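Single-structure report; data block below.
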Amino acid sequence: MIGAIIALIGSIFLLLGALGLLRMPDVYNRMQAGTKSTTLGSMLFLIGAALYISKGQIWSRVILLILFIVFTNPISSHALARAAHKIKIPMAEETVKDDLTEDE
Amino acid sequence: MANTIYNLAGIIALLALLLAFVRMLKGPSAVDRIVALDSMTIIAVSVIVFLSLRLGRIIYLDVALVYALISFIGVIVIARYFERGL
Amino acid sequence: MKNFKHSIILFIILMVIWILLTSWETQELIAGLITSFLIAILTYRLEPVLAAINLTPKALLYSIAYIFVFAKELILSNLDVARRVLTPSLPLKPGIVKVNTKLKSKIGKLVLANSITLTPGTLTAEVKNGNLYIHWIDIKEEDVAGATQEIVAKFEKYLEVIFG
Amino acid sequence: MVKKLFSLIILALLVIMLLPLMTDFAPFAELSRVAEKYVQKGPAEVGGQNLVTSVIVTYRGLDTLGEIAVLFIATAGIGFLLGKSSGKHKRSEASQLVNTGTAFLLPIILLFGVFIFLHGHLTPGGGFQGGVVIASGILLFVLANADSQISSNLLHWIEDLSGAFYVIIGLLGLILAGGFLDNSILPLGQFGKLISAGAIPLIYTLIGLKVGAELVGILNNMQRSQ
């Protein structure tokens, strides 16, 4: 029961992240929504699913997977953000400041 | 009761997958599509684990690990391609 | 010396991962010992990134505290995303700000940048020298010192002890 | 617009093609004669928990040798076709974070690859998959380090030695046991443990190393010819 509720909360975060991907105005803001909510969302979703059959072998795999996602997801977002800025994907109209372009 | 909530969670996760897919189709730039794809793979990994546990085929957990690994490397490859680093 | 410390830490990490992947059986443990040892030797000449980790009791204590700080920020950032996405008018004031860090080691900068990416409204876009360029969804401080205080300080006081 | 419409039509056709597969899918009620023999005799004769991978390297071991040979020829062909040109191609530096993250991840990916091919007889996986994971780890490393070099001497050594030992084990099976690549040259061990299924873990280790080395060789050739 607890597992089901945790999985549900996780899936709601996943959904909000995907909604953010759709609603945000430019690629950098989309990345923000995408990275954060898929990280926590998948963490909760995996924990909730693991609680369905609680077994040592499953927990160890799920923990490894969570650690891997928490470590690599920000790196891949960062690599994409850097690439997007390098090839000059335009930022949204609301943008007030860009120190990175100034320093280059 | 718990089963219903689990099913609901699975359906919502699939809905999230669908929304990210819409962003991938819409673009507009190539980076947008890859950002959407990146989110989609993370959601898909979660769904693989969810299904393998729900259906009692825990042997497929290894598949999810490999998929997470390959998708990370894929995103790095594409990011490096964008910035002329290949 | 640095390489040696790196290899020892790496060996321990690999062994823990092997045990998580397999089980406590003797056969598996022996296979894991051999594999981890071989990989630690094969990668001996690569950059010793893990050598920057401090192995003092204080550092250990701080790493445990850091996990909680990080978890709190991660949850806050998700609530922040949820609030922004669900507000019909989409409140935004995005931009890229420059901050600087006192951390010297590469792994320290990596953990800092990853933590920043997962905290409310910030995303590391570039790391150059001692500076981080951060995409901020809702800019509160425009100058370098203020932004550093706002974004970096809460993590840096822990990471300074852990990674030196 | 036309392009988008076109891709949508292709997508729709794909869905129509795949839907009947999903709705009509019924697991085979009975096995074919060959499959039935494998299922009945396999666990006792071969001793591997994962029957599919066990069949691949024992009953069908010769085919697997042929597949590896095909991969080897492909590697050689790519090396021949691409040639060894320029070397002046300058790549842009990778992000410092990707660089550091890779230095940390590479040993872990290698460990995971070894895990996959050592457990080929127990879990889904095996030599080919493990080799691919190892090669992808090396690919990540090459991407993250703009000035990286792969030692092709070492690659050739790994490739040649693992290939040679693979054939030697096969011939040992011919001499000591029932036939080429018979896995019972080593004791079958306890079902479901790491050391079980005779020589299968050993054969998969060799296949994994060989496949990994060959795929890294392909990457190496491609990178050099740019």
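The single condition from (1) open to solvent by less than 10 Å² (accessible area, probe 1.4 Å); (2) within 7 Å of chain B (Cβ to nearest Cβ); (3) at pLDDT 90 or above that residue A:49 fails is (3). Within the range C:137-158, the set of residues being within 11 Å of chain A (Cβ to nearest Cβ) and either of a type in the set (Gly, Ala, Ser) or open to solvent by less than 10 Å² (accessible area, probe 1.4 Å) (or both) comprises C:137, C:139, C:147.
Can you name the residue in the range B:51-72 that is out of contact with any Ser or Thr (no Cβ under 9 Å at 6 or more places or on another chain) and facing chain A (nearest Cβ under 7 Å) and is also farthest from residue A:50 (Cα to Cα) among such residues? Filtering the range B:51-72 for residues that are out of contact with any Ser or Thr (no Cβ under 9 Å at 6 or more places or on another chain) and facing chain A (nearest Cβ under 7 Å), the one farthest from residue A:50 (Cα to Cα) comes out as B:65. If you go through the range C:61-77 one residue at a time, do you hit one that is within 30 Å of residue A:93 (Cα to Cα) and open to solvent by 30 Å² or more (accessible area, probe 1.4 Å)? Yes: the range C:61-77 contains one or more residues that are within 30 Å of residue A:93 (Cα to Cα) and open to solvent by 30 Å² or more (accessible area, probe 1.4 Å). Which one of these is β-branched (Val, Ile, Thr), part of a helix (DSSP H, G or I) and within 19 Å of residue A:56 (Cα to Cα): C:41, C:19, C:34? After ruling out the rest, the residue left standing is C:19. Within the range C:33-43, is even one residue closer than 28 Å to residue C:160 by Cβ and in contact with a Lys or Arg (Cβ under 9 Å, 6 or more places away or on another chain)? No, there is no match, as no residue in the range C:33-43 is closer than 28 Å to residue C:160 by Cβ and in contact with a Lys or Arg (Cβ under 9 Å, 6 or more places away or on another chain). Look through the range C:82-100, keep the residues that are touching a Ser or Thr at 6+ places or on another chain (Cβ under 8 Å) and open to solvent by 10 Å² or more (accessible area, probe 1.4 Å), and return whichever of them is farthest from the other protein chains (Cβ to nearest Cβ). Checking each candidate, the answer is C:100. The sole residue among A:37, A:60 that is surrounded by fewer than 21 Cβ atoms within 10 Å (Cβ to Cβ) and modelled with pLDDT of 85 or more is A:60.
The values are calculated or read from the model by the stated rules, or taken from the named source; none is laboratory data. Since we're looking at a predicted model, the values are computed, not measured. Cβ atoms come from the backbone with ideal geometry, glycine included; neighbour counts cover every protein chain shown. In case anyone asks, the SASA skips ligands and DNA or RNA and just uses the protein heavy atoms, side chains included. Shrake-Rupley method; radii C 1.70, N 1.55, O 1.52, S 1.80 Å.
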